[in-house]
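Here is the structure we will look at, set down as structure tokens.
The values are calculated or read from the model by the stated rules, or taken from the named source; none is laboratory data. Since this is a predicted model, take the numbers as computed values, not measurements. Virtual Cβ from ideal backbone geometry, glycine too; neighbours counted across all protein chains shown.
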């Protein structure tokens, strides 16, 4: 079955915005407008509306609709993606992925488990400079902070957004595996450029995820949004 398109969402987009394609994956995105949310949007997708205001409901619906469509494209079978007690999406057997949304944009990245052991995806609206400077001590490790403070205004805004988003993608990729909370200071962004990033863990999360372990990712500008992913191939 094809995915019913919620009234609040633009047509699904399967464009790949990153510099390097990932085999065995599918990325689906949409733009959404909470003001256009209709009462039957959830029932047509087989979902119950979450508690909260229209904005919260629309972003949840848009993300789940993207996940349903991505699974349909990848496997030929669309499945409604629920969440477990840790609020981690429950992907069908043989698949994994991540869902993200922010400021009217939502997307889902889904992959075949034989190809990938971890996938994380995050979108952020560009952080204004004043807020970026206020949050810098929370976002950056001590090693990252000096480089951030040396940048000009435009660089600092983009760097704070990229570090925030990349570490959110890292969390979404690894938490389903380690089931252990970790924070912005537990990893650092050690390389970036040309849409590619590399992160290093600063703390052991599990025996197979020790301090010093590095993971690769990518990023892309989408207007005033910044999108990042972290992808770790299957062992």
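Before we move on, is residue 35 touching a residue at least 12 places away in the same chain (Cβ under 8 Å), more than 28 Å from residue 167 (Cα to Cα), outside the structural domain of residue 221 (by TED's automatic domain parsing) and part of a helix (DSSP H, G or I)?
So residue 35 passes the test.
Regarding residue 70, is this residue within 29 Å of residue 217 (Cβ to Cβ), in a loop (DSSP other than H, G, I, E, B) and touching a strand residue (DSSP E or B) at 6+ places or on another chain (Cβ under 8 Å)? It would help to see each step written out before you state the result.
Numbers: within 29 Å of residue 217 (Cβ to Cβ): yes; in a loop (DSSP other than H, G, I, E, B): no; touching a strand residue (DSSP E or B) at 6+ places or on another chain (Cβ under 8 Å): yes.
In short, no.
Can you pull out the residues in the stretch 151-163 that are part of a helix (DSSP H, G or I) and surrounded by fewer than 21 Cβ atoms within 10 Å (Cβ to Cβ)?
153, 154, 155, 156, 157, 158
Residue-by-condition table, conditions (1) assigned to a helix (DSSP H, G or I); (2) closer than 20 Å to residue 233 by Cα; (3) in contact with a helix residue (DSSP H, G or I) (Cβ under 9 Å, 6 or more places away or on another chain); (4) at pLDDT below 95:
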site	(1), (2), (3), (4)
93	no, yes, no, no
100	no, no, yes, no
108	no, yes, yes, no
114	no, yes, no, yes
121	no, yes, yes, no
131	yes, no, yes, no
177	yes, yes, no, no
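Within the stretch 179-225, which residues are farther than 20 Å from residue 25 by Cα, in a strand (DSSP E or B) and in contact with a helix residue (DSSP H, G or I) (Cβ under 8 Å, 6 or more places away or on another chain)?
Listed by number, the residues that qualify are 187, 188, 189, 192, 199, 201, 206, 209.
Per-residue answers, yes or no, for (1) surrounded by 16 or more Cβ atoms within 10 Å (Cβ to Cβ); (2) more than 20 Å from residue 117 (Cα to Cα); (3) modelled with pLDDT under 95; (4) within 15 Å of the chain's Cα centre (by Cα):
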{"residue": "11", "(1), (2), (3), (4)": "no, yes, no, no"}
{"residue": "26", "(1), (2), (3), (4)": "yes, no, no, yes"}
{"residue": "45", "(1), (2), (3), (4)": "yes, yes, yes, no"}
{"residue": "50", "(1), (2), (3), (4)": "no, yes, yes, no"}
{"residue": "58", "(1), (2), (3), (4)": "yes, yes, no, no"}
{"residue": "85", "(1), (2), (3), (4)": "no, yes, yes, no"}
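Could you check the stretch 70-82 and list, in sequence order, the residues that are within 23 Å of residue 38 (Cα to Cα) and either over 16 Å from the mean Cα position of the chain (by Cα) or without any contact (Cβ under 8 Å) to a residue 40 or more places away in the chain (or both)?
78, 79, 80, 81, 82
Could you check how many residues of the stretch 185-199 are closer than 16 Å to residue 229 by Cα and surrounded by 14 or more Cβ atoms within 10 Å (Cβ to Cβ)?
Total meeting the criteria: 9.
Out of all the residues in the stretch 133-154, is one or more over 20 Å from residue 176 (Cβ atoms), out of contact with any helix residue (DSSP H, G or I) (no Cβ under 8 Å at 6 or more places or on another chain) and modelled with pLDDT of 95 or more?
Yes; the residues of the stretch 133-154 include at least one that is over 20 Å from residue 176 (Cβ atoms), out of contact with any helix residue (DSSP H, G or I) (no Cβ under 8 Å at 6 or more places or on another chain) and modelled with pLDDT of 95 or more.
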